[in-house]
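Take a look at the structure below.
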Amino acid sequence: MTELLALETTRRLMQPTPIAPIHLASIALEKSYRKGDLQIPVLHGVEINIRRGEFLSIVGQSGSGKSTLLHVMGLLDSPSVGEVLLDGDRIDDLPQKTRDELRNRVFGFVFQFYHLLPELTVLENVLAPLMIRHSMVSYWKRRREFRAAAEEILEKVGLTHRLKHKPNELSGGEMQRAAIARALVAKPEILLADEPTGNLDAGTGQEIMGLLRNLNEQEGLTIVMVTHDESLARSAHRLVRLTEGRLELLHDAA
Amino acid sequence: MYKLLLCVRYLRTRFIALASIISVMLGVATMIVVNSVMSGFGTEMRSRIHGILSDVVVETNSLDGVHDTNRWMTIIREVGGDDIESLAAMVEIYGMMTYDYRGQPVMKTVQLIGIEPRTKSDVSPIAGLFETSLDSYQQIKEQGQVVREPLRSADEPVGWELTADAAEDRRHRIELEQRFLEQREWERKRSQPEAEALDHDPSTLFEPINAKTSKDAETASPPDFSEGEEPAIAVDPAAPQRARLYVGAGLVEYVYTDEETGKAKVMRIIRPGEDVMISTISAGRPEPVRFHATVVDIFKSGMSEYDGNLVFCNLEELQKVRGMIDPQTKDGAVTSIQIKLKNYDRAAEIVKRLSTALPPGLFSVRTWEQKQGPLLAAIEIEKAILNVLLFLIITVAGFGILAIFYMIVVEKTRDIGILKALGATSRGVMTIFLSYGLALGIVGSGVGVAIGLLFVTYIDNIEKGLSKLTGRKIFDETIYYFPKIPTDVSATMVIWVALSAVMIAVLASVLPARRAARLHPVEALRYE
Ligand SMILES: Nc1ncnc2c1ncn2[C@@H]1O[C@H](COP(=O)(O)OP(=O)(O)OP(=O)(O)O)[C@@H](O)[C@H]1O
Ligand SMILES: [Mg+2]
């Protein structure tokens, strides 16, 4: 863990060049779902290396397994076969508690369907990862600092005027931006975004993309983004397509 | 932190949770109320039972009683040593009490207790046993209004004298009777001088009072009878009988519901100053006797067992009429000796020592609790059973919580997935729902305790309100003698009830909480 934190400080200094070290990787990743006696394969040996500070786009047909891939890489799900590596270390077989902690500290998730907590306000939703990370006492001590951080992020995504709103009082785009803010507030190393622009009009979609690109360029955040929109996807460093459970390179800007 | 926040939010937004809070609350409140009332009744009963008896009772095994009371008392004092506070000797026998009511003879079996009021009072754990239970010392209230001030001041020692009112009453009545009789006599002589239908003669009803000395003298032990102030009393026709009684209220009054107001009213058939006939029944040596006695006071302890059974008589007179006084030594026999201890905790040991010290065939020694064992045990068992039943209510509330929580967990499946995706541990998720249960339990039992205590405090007002609302008396004084519903709130009971309710709420939330903790994040996220 300390190693990871040390890496995090050096991360900002690095440029997203192809020679940057490999940040997140998967080896021969397979995932199949069991349906009764039937095994439904979704991923067939996905091999991918994502470099530190890279912006990777994944496209693919609906049902091709893009969300599943993100879940497995982000430790939300475990692979049937294969390994997930973070900075060269295998992480998918770590004990549950460590994986919970990695999810909280290293990964930021933006879900396809936002997945905000309906009982909490936008601000509280954004603060949720920090609340989970810190004990009650330490959270209470640093609550001003955390609140300031959350407000800063919400300003970045343009939701300052919606802090006290509940998710059901927001538009789809606003919810999407709140979800992004939540993913970023805990200062993750890797952002896993599942169709962050899927429900937005072209203009707002571009805005969000700009935001992500900014984060990637200025803060060196490693981003893996799933999208349907190939024109958006092309603005990433690298674009891969998931077909029949395997990855195929479409475009490499570097 | 998120645990607390979510717990509070779920609590605030789920109205269904309110239902489980209410069920816990009601369970706790009823348990507190019922327990308080039950133990109120219990303590009241115990103190009344104990009040009539004393700490330790030494009873003779024969109805004849034993002579040499002083010797036995000395032995008891020696054996008991410093533990003994006071002793009282008495005669306890069974008998019948007969009086006329509207021309009809009323007959009751009674337990006749010959006592010395002062010594009897001394052995009772109640300070002023008779002062608190005899009618003439009481202020009588009706609907909050004083209708009669006490006839005797509290510092007047208990004795066998009639109150001025009762004496006046008696004199007046006897004069009336006499005049009535004279008139009847005169009329009879005038209309049918020769007809003598004795069985139709109403004067037989009143015969005892006028001819009191003759009959009593025959049955009572003749040697003592010639002495004392006897001739002086005989001169005054209104003088009370030599045998004086405190009669249990249940024997001479009955409670009826007033047609107009619907209120319970007491009808007293015999009032102090009137005479009744006592006959003793006996299998032993003293022959059954009949004698007239004047009711000096009405005794009301609040225990229907006692008030409907006991008749206290002046000890010496009872010994005299029953022939229990030794003609030579003038020593009266007694059937039981009651003992008051300085410290009741030592009762068991004293009983053991007395049992060995006193001749075993002659006496049996028991504490009041042993003597009234079955009654006391019945109260305890009743309470225990009720507690079990009420605890079931809370358990039912617990199952309600379980079901509701399960529902909430299912409903919140996606949220749980989100939390886990954001890095919440299974323990953390479990904590949300456990503390949710804890909060429900605490709030429910807290409010329940408050409601229960309030209910107990204002139970009489509530009872009145409910009675008015339903038009039926809920707490009927005709059944219970208590003017108010007795309650006894014990702190341990309240704490115990509240804690177990909280426990049940937490236990009920364990299962749903575990389910929540075990949810797979991705599957939870996909849940619709
Ligand atoms: N829990 C599951 N049980 C059974 N099958 C599943 C499960 N989860 C996913 N699948 C299947 O795996 C396949 C891939 O699903 P996934 O959600 O990864 O697709 P996707 O590429 O994200 O699609 P979309 O673009 O519509 O979001 C689908 O065919 C889906 O039916
Ligand atoms: Mg998907």
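The values are calculated or read from the model by the stated rules, or taken from the named source; none is laboratory data. Because the structure is predicted, anything quoted here is derived from the model rather than measured. Cβ: placed from backbone, ideal geometry, glycine included. Neighbour counts: every protein chain shown.
Quick notes on this structure:
- Restricting B:V57, B:V37, B:V8 to residues that are within 14 Å of another protein chain (Cβ to nearest Cβ) and not in a loop (DSSP other than H, G, I, E, B) narrows the list to B:V8.
- Selection over the range A:224-238 of residues that are within 13 Å of ligand 1 (Cβ to nearest atom) and either assigned to a loop (DSSP other than H, G, I, E, B) or surrounded by fewer than 16 Cβ atoms within 10 Å (Cβ to Cβ) (or both) gives a count of 3.
- Residues of the range A:190-205 satisfying the condition of being within 14 Å of chain B (Cβ to nearest Cβ) and more than 13 Å from ligand 1 (Cβ to nearest atom): A:I190, A:L191
- Set A:L232, A:L239: member being of a type in the set (A, V, I, L, M, F, W, C), more than 30 Å from A:E145 (Cβ to Cβ), away from ligand 2 (no atom under 16 Å from the Cβ) and away from chain B (no Cβ under 14 Å): A:L239
Condition check ((1) under 22 Å from B:H292 (Cα atoms); (2) in contact with a Leu (Cβ under 8 Å, 6 or more places away or on another chain)) across all residues:
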site: B:R46; (1), (2): no, yes
site: B:H67; (1), (2): no, no
site: B:M97; (1), (2): yes, yes
site: B:Q104; (1), (2): yes, no
site: B:K108; (1), (2): yes, yes
site: B:G114; (1), (2): yes, yes
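- Matching helices (runs of 4 or more DSSP H) fully within the range B:298-394 where at least 2 residues are among the aliphatic types (A, V, I, L, M): B:315-321, B:347-357
- Checklist (1) without any contact (Cβ under 8 Å) to a residue 40 or more places away in the chain; (2) buried (at least 21 other Cβ atoms within 10 Å of the Cβ) applied to B:K352, failing item: (2)
Yes/no matrix, rows are residues, columns are (1) surrounded by 22 or more Cβ atoms within 10 Å (Cβ to Cβ); (2) within 20 Å of the chain's Cα centre (by Cα):
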| site | (1), (2) |
| --- | --- |
| A:A150 | yes, yes |
| A:L163 | no, no |
| A:A178 | yes, yes |
| A:G203 | no, no |
| A:E207 | no, yes |
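- Matching residues, the range B:107-129, being among the basic types (K, R) and more than 24 Å from B:D275 (Cα to Cα): none
- The residues in the range A:41-72 that are away from every other protein chain (no Cβ under 14 Å) and either in a strand (DSSP E or B) or surrounded by fewer than 22 Cβ atoms within 10 Å (Cβ to Cβ) (or both) can be counted, and the count is 18.
- In the range A:167-182, the residues that are within 14 Å of chain B (Cβ to nearest Cβ) and away from ligand 2 (no atom under 16 Å from the Cβ): A:P167, A:N168, A:M175, A:A178, A:I180, A:A181, A:R182
- Residue within the range A:87-94 that is hydrophobic (A, V, I, L, M, F, W, C) and in contact (Cβ under 8 Å) with a residue 60 or more places away in the chain present: no
- Residue-level check: of (1) surrounded by 16 or more Cβ atoms within 10 Å (Cβ to Cβ); (2) at pLDDT below 80; (3) under 26 Å from B:Q319 (Cβ atoms), B:N70 misses just (1).
- In the range B:481-504, of all residues being touching a Leu at 6+ places or on another chain (Cβ under 8 Å) and modelled with pLDDT of 90 or more, the one that is nearest to ligand 2 (Cβ to nearest atom) corresponds to B:V502.
- Considered as a group, the residues in the range A:14-40 that are among the small types (G, A, S) and in a strand (DSSP E or B) include one that is nearest to ligand 1 (Cβ to nearest atom), and that residue is A:S32.
- Verdict on B:I113 being of a type in the set (V, I, T), within 23 Å of the chain's Cα centre (by Cα), away from chain A (no Cβ under 14 Å) and outside any strand (DSSP E or B): no
- Restricting attention to the range A:74-100, the residues that are within 11 Å of chain B (Cβ to nearest Cβ) and at positive phi add up to 1.
- Leading residue by the ranking (surrounded by the fewest Cβ atoms within 10 Å (Cβ to Cβ)) among those in the range B:114-141 that are free of Cβ contacts under 8 Å to residues at least 40 places away in the same chain and of a type in the set (V, I, T): B:I140
- So B:Q111, is it in contact with a strand residue (DSSP E or B) (Cβ under 6 Å, 6 or more places away or on another chain), surrounded by 13 or more Cβ atoms within 10 Å (Cβ to Cβ), within 30 Å of B:I339 (Cβ to Cβ) and among the polar types (S, T, N, Q): yes
- From the options B:R48, B:R77, residue that is assigned to a helix (DSSP H, G or I), charged (D, E, K, R) and over 25 Å from the mean Cα position of the chain (by Cα): B:R77
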